[in-house]
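> Below is one structure. I have some questions about it.
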Amino acid sequence: MSLTPDAVRAVTFDKAPFGKRGYHEDQVDAFLDKVEAALEGRGKLTVTEVREAEFDAAPLVKRGYNEDQVDEFLDSVAVELEARAAEDALKVIPANSEAPYLPLPPAPPGTRGYHPTDVERLAHLLDRAANEHGAGPTADQVENLRLGLSAYPGQGYHPDAVDAIKSAWLTELRRRR
């Protein structure tokens, strides 16, 4: 079952056990607002951002949210975002396209993206996979294609988006064989 914005809105967490402060409730709630917006298509949130989310401890005078419950819920959010990215990635390359087209976002500021030349090689390989059933590249060929990083932060293509497309196509190619 997929995670919905309503499920995010309705989620509740127990207080941290006695003797533990737990996560700061306001910070967790603000992050869940971002999750809800992303699931509704009103915002962007990457799997990496979910997996690397950190929250301060609750103030000394009160217990915050149970850390284990919050972490478990965020794991389910990451799984949902990965599944959506993989599903979307399969829709990116239209069948019988004459030229590969991958509408990829640029690398975020401060992050080195994948080098455009390497991503173009991946696009051509995936174009062949989409159009040459049986005669196109194998999953191993796609998996072994190395993608180099750009020289400077903020250049190249967003690594999470490229990795999601590559992962989805690996799954599809393995299914076909």
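> Could you pull out the longest piece of the chain with no exposed loop chymotrypsin sites (Phe, Trp or Tyr not before Pro) in it, calling a site exposed if DSSP puts it outside H, G, I, E, B and it has at most 15 other Cβ atoms within 10 Å?
In the chain, the maximal stretch lacking such sites is 19-100.
> Hey, of (i) 17.4, 61; (ii) 20.4, 67; (iii) 19.7, 66, which did the structure itself give for Rg and Dmax of the Cα atoms in Å when calculated?
Computed from these coordinates, Rg and Dmax of the Cα atoms in Å corresponds to label (iii).
> Calculate, in nm to one decimal, what Glu54 and Gln155 gain on full extension: separation in residues at 0.36 nm each, minus their alpha carbon distance.
This chain segment gains 33.7 nm when fully extended.
> Now a separate question. Relative to the present Cα-Cα distance, how much length would full extension add between Lys15 and Thr117 at 0.36 nm per residue of separation?
Contour length minus the Cα-Cα distance gives 31.7 nm.
> Rounded to the nearest 0.05, what FRET efficiency do Asn131 and Asp26 give with R0 = 35 Å and r taken as the Cβ-Cβ distance? Could you check?
E between Asn131 and Asp26, to the nearest 0.05, is 0.10.
> Within the chain, what is the longest stretch that has no GluC sites (Glu not before Pro) placed in a DSSP loop and near at most 12 other beta-carbon atoms within 10 Å?
Longest stretch, sites excluded: 1-51.
> Taking the Cα-to-Cβ direction at Arg174 and at Ala37 and moving 7 Å from each Cα, how far apart do the two end points lie in nm?
3.5 nm
> On to the next question. Give me the number: length gained by fully extending Lys44 to Ser167, i.e. 0.36 nm times residue separation minus the C-alpha to C-alpha distance, one decimal in nm.
Length gained, Lys44 through Ser167: 42.3 nm.
Bear in mind these aren't lab numbers, they're just calculated from the coordinates by the rules spelled out. Quick caveat, the model's predicted, so the values are computed rather than measured. When we count neighbours, we look across all protein chains shown, and the Cβ atoms used for this are built from the backbone with ideal geometry, even at glycine.
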